[in-house]
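J.: Quick one: the structure is below, questions incoming.
The values are calculated or read from the model by the stated rules, or taken from the named source; none is laboratory data. Because the structure is a prediction, the values reported are computed rather than measured. For neighbour counting, all protein chains shown are included, and Cβ atoms are generated from backbone atoms with ideal geometry for every residue, glycine included. The area values use the complete protein model at the heavy-atom level, side chains included, leaving out ligands, DNA and RNA. Shrake-Rupley method; radii C 1.70, N 1.55, O 1.52, S 1.80 Å.
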Amino acid sequence: MVKSNVLSLERSLSSPFVGRRCCRRISGKQCSLPARGRSSLSLSLSLSLSLSQDISCSSARISRKGIELESQKKFLPNDLSRGFGLNKAYKRPYTRKSYVLDAADDEYDGVIIDSERLPHNPSIFASALQTSLFHWRLKGKKGVWLKLPLELSDLVPIAVKEGFKYHHAEEDYVMLAYWISEGPSMLPGNASHQVGVGGFVINNKNEVLVVQEKHCAPAFSGFWKLPTGFILEAEEIFEGAVREVKEETGIDTEFEEVVAFRHAHRVAFEKSDLFFICMLRPLTTTIQIDDLEIQAAKWMPLVDFVEQPTVRGDQLFRKIIDICIKRLSKRYCGLSAHHLSSEFDGTSSCLYYNVLDIPDCSS
């Protein structure tokens, strides 16, 4: 019996699965064999039991690894699985929390990430963003747009660390962009201009509607000026002019023409500025000022308005008023707004131009 145990031990030791863990001691019941036989049998049983445990553990490890690989194949997109290869490791490990972020294609052969379906957890977002960038690079996408609302501002440093750059910001979000392709970025830049309007409103008494602003530089304190302001998003130039006059003075008007516009650079926040002078016809006469912005408003004789030192001493102001006066005397023709549609972008918009066959425009 001892010989058979020795033979069993020899077969066990010759197994390729036997390792260091086979030398572990295990507890078991005492055997009633003689001491010499008992010691040989005990060693054999110990090694056999340890061997069984190691084989079981190795099988479990192999099984778990297979499950993990199978799970990874199901979890990652097919092209990612092929890109990594089952036996190749990417520099950042992908966990079950890694996935490709929801996104839609844009017109620049890039993608726009769906900001409403972003994970709020920074760790999950970081892992998903890494996975997504790798996925979009494999698909040949050129750029990525990422809009982060104010409540997800803690994700901004993570995106910047991955290579995203600031594009623009509004009150409730920041837009970031990432250029994947080689070479300089071809994504459109941030808006480069702001657009302002001024309303030249004159009644049948040859009086101009003018205002004094509450907040202005000391040099312009007491200066009577035309109502001005900035147009809103998705607002036409002529609509902005009518609205600004109404907000500041309470006067209803009707747009007639754009008589001139100015183009200046590096004005507010280093942006360029377009300023359109619009001639408006008054529909009402009673003034009701905006107390937040306007100190005073009134109908002022055109002669008095022109004689102000600020107007007479400023080349730009003087030229604007000169153009408006020529338009009143029918010696100048401005630009009227004409609604036209275009198949290029599928929208209707305003084209501003003058019509030379109108008698009022003859010189």
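J.: Please compute the length gained on full extension between A219 and K271, using 0.36 nm multiplied by the number of residues separating them and subtracting their Cα-Cα distance.
T.: 16.4 nm
J.: Between E107 and S342, what is the label-to-label distance in nm when each label sits 7 Å out along the Cα-to-Cβ direction?
T.: 1.0 nm
J.: Averaged per residue, what accessible surface does the stretch 105-155 expose to a 1.4 Å probe, in Å²?
T.: For the stretch 105-155, the per-residue accessible area is 50 Å².
J.: Now a separate question. Pull up all non-local amide H partners of F200: gap of 5 or more, or a different chain, and H-to-H distance under 5 Å with H placed in the peptide plane.
T.: Here C278, M279, L280 satisfy the definition.
J.: Order the following by accessible area, largest value first: M186, M175. Probe radius 1.4 Å; ligands, DNA and RNA are ignored.
T.: Largest accessible area first, the list is M186, M175.
J.: Turning to a different aspect of this structure: For the stretch 211-216, what does the Karplus curve 6.51 cos²θ - 1.76 cosθ + 1.60, with θ = phi - 60°, yield as ³J(HN,Hα) per residue in whole Hz, taken in order and with x for Gly and Pro?
T.: 9, 10, 7, 6, 10, 7
J.: Now for a different question. Can you list residues from other chains, or at least 5 along the same chain, whose modelled amide H is less than 5 Å from the amide H of A169?
T.: M175
J.: Estimate the FRET efficiency between E171 and R137 by the formula 1/(1 + (r/R0)^6), using the beta-carbon distance for r and 45 Å for R0, to the nearest 0.05.
T.: For E171 and R137, the calculated efficiency is 0.85.
J.: May I ask you to rank T284, T347 by accessible area, largest first, using a 1.4 Å probe over the protein chains only?
T.: Output order, biggest surface exposure first: T347, T284.
J.: Counting only the heavy atoms of the protein chains, how much of R281 is accessible to a 1.4 Å probe, in Å² to the nearest 10?
T.: 100 Å²
J.: Search the structure for amide H atoms under 5 Å from the amide H of V100, placed 1.01 Å from N in the peptide plane, and list their residues when 5 or more places away or on another chain.
T.: Those qualifying (amide H under 5 Å, at least 5 residues apart or on another chain) number zero.
J.: Measure off 7 Å from each Cα along the Cα-to-Cβ vector at L351 and I287, then give the distance between these two points in nanometres to one decimal.
T.: 4.0 nm
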